[in-house]
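Asks: Once you've had a glance at the structure underneath, I'll fire off some questions.
The values are calculated or read from the model by the stated rules, or taken from the named source; none is laboratory data. Please read all numbers here as calculations on a predicted model, not as lab measurements. Note: ideal-geometry Cβ built from the backbone for every residue, glycine included; neighbour counts use all protein chains shown. Only protein heavy atoms, including side chains, enter the accessible area calculation; ligands, DNA and RNA are left aside. Shrake-Rupley method; radii C 1.70, N 1.55, O 1.52, S 1.80 Å.
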Amino acid sequence: MQFASERRVCTWATFYSHPSRPFPVSMTQKFTSTPQSSISAIAQDRSATSTAQKILAGRLFDPYKLQFLRAQTITILKSSGLILTVEDTNDDDISDDTDTIDLRHLTILPGFVDAHVHFFLHSYGETSWDDQTTKESLVERTIRATVHARKTLMAGFTTVRDLGTEGAGDADISLRKCLSGPSPIIVGPRYFCANKAIVCTGSYGPKSSLHNDQEGVEGVTGAEVADGVEECIRATRRQIGAGADWIKIYADYRFRSRTSDISPRVATMALPTFNEAELQAMIDTAHALGVKAAAHTSNANTIATLLKLGIDSIEHGSTLTPHPDFLLPLLCNSPNTTWVPTLAVFYSQVQFTGGKDPRANQAWKVLSEMFQQAVAMGMENIACGGDTGTFPHGENALEMKLMVRLGADWKKVLRWGTLGGWECIRSMNWDTIYPDGGHGMPFGDNDHRFGCVRPGWAGDLVGVKGDFDDFEGTLDSIDFVMKAGRVYKQDGRELV
């Protein structure tokens, strides 16, 4: 940290000029070095004030320190959408300059991150999953996805990870293209996607009522089917080759759902879908190609196996009965694996059924207790992701609200919903990607660091009214949204 003209100023060069400083992998670490060419380029841009804009923040949340800094000026380069400096506001910053946005009446945070969405689904309270996948055309589902993207951004979520198109094939790859770049075709967040996801034969839907031995309905399957090590490797390679940012594995599921008419308990059991060799093949293949792997899983033994194999994120993680005592400490002490509990989807299922579905009630009870135990243990490797799409897009903040209702410290929840999202979603090779792209290569949307307001990070900002004394009310008062240095919402009004 340096002082410039008696002002506390944090600049790109301040953080990155010392090669001995590693970039933050956890909250306790600092920053990595950046090539001198990058620092020089930033310095040149900084001298050209016409290329920058200033944001005057009343308060600014720092997710590393869990503190709110008062009266901060954030300078963002228009050309790159990256943050140049973060410094104490002084009288010279306060002007009617068109390149200055006065948000001193707001609390500014890094743009929120939803680590588990499905843009190609809409609320189950409107239409069931089966009907969406078998009765809505790909065109309709894609148009809906563009609407969902807009609602998500306007709710303050500037980055999402979409964990499967649920029968919409490779449509997420094209959607990502339309959301990206300096002049995106449609309005929405940074978009990391997992393509089709991978399931084994017989486990997933939609399931035909006429042909019980066939996969899918009229050629539509909710995910790509693979069996055996060779097919699992092939499916992983195919999806990464198609452009997937992540590989999503359905590591267990309600495999025997067709027995629901004679044995409901068996039908709702989460049973392993892949053996250890198959799981290892998918995870290792993804990692070899520089891609992380996420697992939909609830079964305790499956979770333990996945942790041993190096899975990058655990989605859901709870079943209808409490897990053995060994599991939660194991998950808590796996810093390279992020838990995305998806409280919101379990809570929403109770709401949709009016509390009359015993299975939904029990699932919510067990998951909420598991989360409370994790909080009591001091678990930190958590990210916010609600399985949004099973409930309405634009209500992504429900996950954070539920975390606080269940006893989590609200400042930690803000960290999990910002910096925690970055630590989860970022690519495997994030620390080798530099702002100049390296060797003249371009720097793309999903190369940016996000989730914290610091020099060199993405200019993704959210402004809220209030100071979180009323946590839920403050989250609902999104007054300002910026992604990559471009303003999409101001004074509560959508600008695009």
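Asks: Listed here are the pairs LYS54/LYS401; LYS65/LYS151; LYS356/LYS401; LYS135/LYS365; which of them are more than 28 Å apart at the Cα?
Replies: Violating the 28 Å Cα-Cα cut-off are LYS54/LYS401; LYS65/LYS151; LYS135/LYS365.
Asks: Taking the Cα centre of the chain as origin, sum charge times position over the Cβ atoms of Lys and Arg (+1) and Asp and Glu (-1), and report the length of that vector in debye to the nearest 20.
Replies: The dipole magnitude comes to about 320 debye.
Asks: Quick one: putting +1 on the C-beta of Lys and Arg, -1 on the C-beta of Asp and Glu, what dipole do you get for the stretch 231-342 around its Cα centre, in Debye to the nearest 20?
Replies: Roughly 260 debye, rounded to the nearest 20.
Asks: Now, a different point. Could you bin all the Cα-Cα distances of the stretch 264-365 into 10 Å bins starting at 0 and give me the percent of pairs in each, rounded to whole numbers?
Replies: Calculated P(r), rounded to whole percents: 14, 42, 31, 12, 1.
Asks: So, one more: Calculate log10 I(q)/I(0) of the chain for q = 0.08, 0.09, 0.11 Å⁻¹, where I(q) comes from the Debye formula with a single equal point scatterer on each Cα and nothing for solvent.
Replies: Debye output, listed in q order: -0.47, -0.60, -0.90.
Asks: Return the calculated 222 nm mean residue ellipticity for the chain, to the nearest 500 deg cm²/dmol, obtained by summing -39500 (n - 2.57) across DSSP H runs with n ≥ 4 and dividing by the residue count.
Replies: Helix contribution divided over all residues of the chain: -9000 deg cm²/dmol.
Asks: What are the ³J(HN,Hα) couplings of the stretch 303-320, residue after residue, when phi is run through the Karplus curve with 6.51, -1.76, 1.60 and θ = phi - 60°? Round to Hz, x for glycine and proline.
Replies: Rounded to whole hertz, the list is 4, 4, 5, 4, 4, 5, 7, x, 4, 8, 8, 9, 9, 6, x, 10, 10, 7.
Asks: Here is a follow-up. Which of the aspartates and glutamates could a cross-linker bridge to LYS196, judged by Cα under 12 Å and excluding same-chain residues fewer than eight apart?
Replies: Partners within reach: ASP162, GLU166, ASP170, ASP172, GLU224, ASP245.
Asks: Would you please give the residues with an amide H less than 5 Å from that of VAL225, counting only those at least 5 places away or on a separate chain, with H modeled from the backbone geometry?
Replies: When sequence neighbours closer than 5 places are left aside, the close amide H contacts are VAL199.
Asks: Show me, for the stretch 458-463, the HN-Hα J-couplings you get by feeding each phi into the Karplus relation (A = 6.51, B = -1.76, C = 1.60, θ = phi - 60°), rounded to Hz, glycine and proline as x.
Replies: 5, x, 9, 10, 10, x
Asks: When Rg is the radius of gyration of the Cα atoms in the stretch 69-120 and Rh is its Kirkwood radius, what does Rg/Rh come to?
Replies: With Rg and the Kirkwood Rh in hand, the quotient comes to 1.08.
Asks: Same structure, new question: On alpha carbon coordinates alone, what is the Rg over Rh value for the stretch 166-217, Rh being the Kirkwood radius?
Replies: We get a ratio of 1.18 for the stretch 166-217.
Asks: How would you order 86-92, 454-460, 424-430 from highest to lowest mean count of nearby Cβ atoms within 10 Å?
Replies: Result, highest mean Cβ count within 10 Å first: 454-460, 424-430, 86-92.
Asks: With a 1.4 Å probe and all protein chains in place, put TRP364, TRP410 in order of accessible area, largest first.
Replies: Most to least solvent-accessible, the answer reads TRP410, TRP364.
Asks: Quick query: amide H of HIS116 versus all other amide H atoms, modeled in the peptide plane; which residues come in under 5 Å with a sequence gap of 5 or more or a different chain?
Replies: Result for HIS116 returns ARG161, GLY386, ASP387, THR388.
Asks: Which whole number of Å³ per residue matches the convex hull of the alpha-carbon atoms in the stretch 338-459?
Replies: Roughly 120 Å³ of hull volume per residue.
Asks: State the answer as a single residue: which of ILE247, ALA383, PRO264 lies farthest towards the positive end of the charge dipole of the chain, with beta carbon charges of +1 for Lys and Arg and -1 for Asp and Glu, about the Cα centre.
Replies: The Cα lying farthest towards the positive end belongs to ALA383.
Asks: If you roll a 1.4 angstrom probe over the protein chains with everything in place, what fraction of the accessible area of the stretch 263-411 belongs to carbon and sulfur, to the nearest %?
Replies: Using a 1.4 Å probe with all protein chains present, the stretch 263-411 comes out at 53 percent carbon and sulfur.
Asks: Using the heavy atoms of the protein chains alone and a 1.4 angstrom probe, what is the accessible area of the stretch 363-496 per residue in square angstrom?
Replies: 35 Å²
Asks: Using alpha-carbon positions, what is the distance between the centroids of the stretch 367-407 and the stretch 329-362, in Å?
Replies: Answer, in whole Å: 8.
Asks: Note the full-extension length gain between VAL487 and GLU218 as 0.36 nm times their separation in residues minus their Cα-Cα distance, in nm to one decimal.
Replies: 92.5 nm
Asks: Highest first, please rank the peptides 57-67, 346-356 by the mean number of other Cβ atoms sitting within 10 Å of their residues.
Replies: Descending mean neighbour count gives 57-67, 346-356.
Asks: Packing-wise, with mean Cβ within 10 Å as the measure, how do 379-391, 130-142 rank, highest first?
Replies: Per-residue Cβ counts within 10 Å, averaged per peptide and sorted highest first, yield 379-391, 130-142.
Asks: Moving on. Using 0.36 nm times the number of residues separating THR353 and GLU472, minus their current alpha carbon distance, what extension gain do you get?
Replies: Once the chain is fully extended between THR353 and GLU472, it gains 40.5 nm.
Asks: Let me ask something additional. Roughly how far apart, in whole Å, are the Cα centres of the stretch 160-206 and the stretch 48-126?
Replies: One Cα centre to the other: 27 Å.
Asks: Tell me, what HN-Hα J-couplings in whole Hz come from the Karplus equation 6.51 cos²θ - 1.76 cosθ + 1.60 at θ = phi - 60° for each residue of the stretch 80-87, using x for Gly and Pro?
Replies: Once θ is set to phi - 60°, the couplings for the stretch 80-87 become 10, x, 9, 6, 8, 9, 10, 8 Hz.
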